Protein chains: 2
Amino acid sequence: MSAMDRSPWALEHCSIAMTMDAIGLRSSVLILREAFYGVTRFDDFVRFTQGAEANVAARLKHLTTLGLFTKHPYREHGKRTRDEYMLTDKGKDLMPVLLALMQWGDKYLQEGGTPVRVTERTTGDPVRIVARGSSGADLGVGDITIAVSGE
Amino acid sequence: MSAMDRSPWALEHCSIAMTMDAIGLRSSVLILREAFYGVTRFDDFVRFTQGAEANVAARLKHLTTLGLFTKHPYREHGKRTRDEYMLTDKGKDLMPVLLALMQWGDKYLQEGGTPVRVTERTTGDPVRIVARGSSGADLGVGDITIAVSGE
C-alpha cells in the first residue's frame, strides 16, 4: 500500500507527528540539546537555552513526566536541596534527532564555521547521522521504500 | 572547550536552533513528511497533513523560499495550471531528521503496531537512523565527544 492510500488510522498514528507533539517545541529541543551537552541543573538550562524560567520549568516537568529525564536531589553547601535532571535511556535515544538537526543546519544554515564539533571518541573523526539498512551502506532517499499499513 | 563554556557567539550560531527556526514547526515537519511519502500537490498536502489551507500554503511558500522545494507547473485537462512541489537536494537532506523522529516515536510512543515501514530498497530490511564515525560502528551517546568553538 502506498503512502497515497493512507487510512485515517495511519494518519492518526503517525510516529513523526506523535514525536513532534511530545518533544517538538523549540524550547524542549533546546533543553534536550543542553542535556546532551552535559547540563543537568535548572539554572544552566535557563542560561544556555536563553529561555524564561517559567517556560524552562514547564518544559523540564513535561519531559520528566514523559520519562526523558529523572530528577536527582543535590545540595550545595549552605543552600537548599535542588534537583538535577539526568537523561534516561529514552531521552538518550533522541540523540539521532538532535544530531540530525545539527548536521542539516551545519550544512545549509551556517556561514563561516560551525560552533560545535561532534566526534567519535575513539578515533576523533566526525560523527555523521545516516540511514542504514542491513547492508551497512549509507542510504539516500532513493535507496529506501516507504510502505503504509492499512490499519 | 566544553559545552559549559559556550560563548554568546556559539549560542547564537547553534545549528539545532537554526534548523528548528527554519523547519521546526509541526506543520512544516508534516509537509516534509508528505513530500518524502511522494506527495507533490497542494490538495494532497492539505489532506494528508490535515492542516488548514491557508497554513499549508504559507508553510509551502516558506519552505520553497528556503530552497527545500521547487515549484513545477502542471495542468490537468480542463483545469487551470497549478504547481507541484518537488523536494530539492537540500530538502531531501532532511530525511535523517524525519526518520529519526519516526524511529523514536515507533519505539516509545506507539502501542501495538506502527503504520509506516521504512525498508532498504535492495534488501527489504528495516532502515535505521544511526550515528556513525569513520569506524563504521553505530555510536551511542557515550561514544561521542562534543566540543565547542570559542568563536
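Read the figures in this text as sums done on the coordinates, not as results from a lab. The model shown is predicted, which means the values in this text are computed figures rather than measured ones. Glycine gets a Cβ as well: all are built from the backbone with ideal geometry, and neighbour counts include every protein chain shown.
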* **Ordering of A:33-42, B:54-63 by burial proxy (mean other Cβ atoms within 10 Å per residue, highest first)** => A:33-42, B:54-63
* Across the identical copies, how the A:ARG117 labels are spaced - nm, sorted shortest first, 7 Å along Cα→Cβ -> 4.4
* Asked: For chain A, with the dipole built from +1 on Lys and Arg beta-carbon atoms and -1 on Asp and Glu ones, taken about the Cα centre, which of A:MET95, A:VAL46, A:THR19 lies farthest toward the positive end?
  -> A:VAL46
* Structure fact -> Under the Karplus relation with 6.51, -1.76 and 1.60 and θ = phi - 60°, whole-Hz ³J(HN,Hα) for segment A:96-109, x at Gly and Pro, equal x, 5, 5, 6, 5, 4, 5, 4, 5, x, 4, 6, 10, 10
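Do me a favour and compute the ellipsoid semi-axes for segment A:36-151 from its Cα gyration tensor, root of five times each eigenvalue, largest one first, whole Å. Don't jump to the answer; show the numbers that get you there.
Working: eigenvalues 226, 81, 45 Å².
Semi-axis lengths for segment A:36-151 are 34, 20, 15 Å.
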* To do: Express in nm, to one decimal, how much length is gained between B:GLU53 and B:GLN110 on full extension, taking 0.36 nm for each residue of separation and deducting their alpha carbon distance.
  => 17.7 nm
* Relative to the longest principal axis of the C-alpha atoms of chain A, give the angle of the C-alpha long axis of helix A:26-36, reported between 0 and 90° and rounded to the nearest 10°. => 70 degrees
* With springs connecting C-alpha atoms under 10 Å apart, model chain A as a Gaussian network and identify which of A:ASP43, A:ASP125, A:ASP106 has the largest mean-square fluctuation. => A:ASP125
* Work out from phi, with θ = phi - 60° and the Karplus expression 6.51 cos²θ - 1.76 cosθ + 1.60, the ³J(HN,Hα) of each residue of segment A:44-55, listed in order in whole Hz, and give x for Gly and Pro. => 6, 4, 5, 5, 7, 8, 6, x, 6, 3, 5, 5
* Exam field: B:ARG47 pseudo-label spacings to other copies (7 Å along Cα-Cβ), nanometres -> 5.3
* **Alpha-carbon centroid distance for the pair segment A:1-60 / segment B:3-28, whole angstrom** => 13 Å
* **Placed amide H near A:ASP83: partners under 5 Å, 5+ positions off or other chain** => A:TYR74
* Asked: Hey, which residue of B has the C-beta nearest the axis mapping B onto A, and what's the distance in Å?
  -> B:ALA100, 2
* Asked: Between A:PHE69 and residues 5 or more places away or on another chain, which pairs have amide H atoms under 5 Å apart, with H built 1.01 Å from N, and which residues are they?
  -> A:THR64, A:THR88
* Quotient of Cα Rg and 2.2 N^0.38 Å for the protein assembly as shown, N being how many residues it contains -> 1.04
* Asked: Which pairs, out of B:LYS71/B:LYS107; A:LYS61/B:LYS92; A:LYS61/A:LYS90; A:LYS71/A:LYS92, put more than 27 Å between their alpha-carbon atoms?
  -> B:LYS71/B:LYS107; A:LYS61/B:LYS92
* Distance from a point 7 Å along Cα→Cβ of B:ARG82 to each backbone N in segment A:1-37: keep the residues under 18 Å and list them by number. => A:4-6
* Using the 7 Å Cα-to-Cβ label point, sort the distances from B:LEU66 to its equivalents in the other copies shortest first and give them in nm to one decimal. => 1.9
* **Label-point separation in nm, B:SER135 to A:ASP138, each point 7 Å along Cα→Cβ** => 1.9 nm
* Loop-resident sites, segment A:49-100, for GluC sites (Glu not before Pro), counting at most 13 other Cβ within 10 Å (DSSP) -> A:GLU76
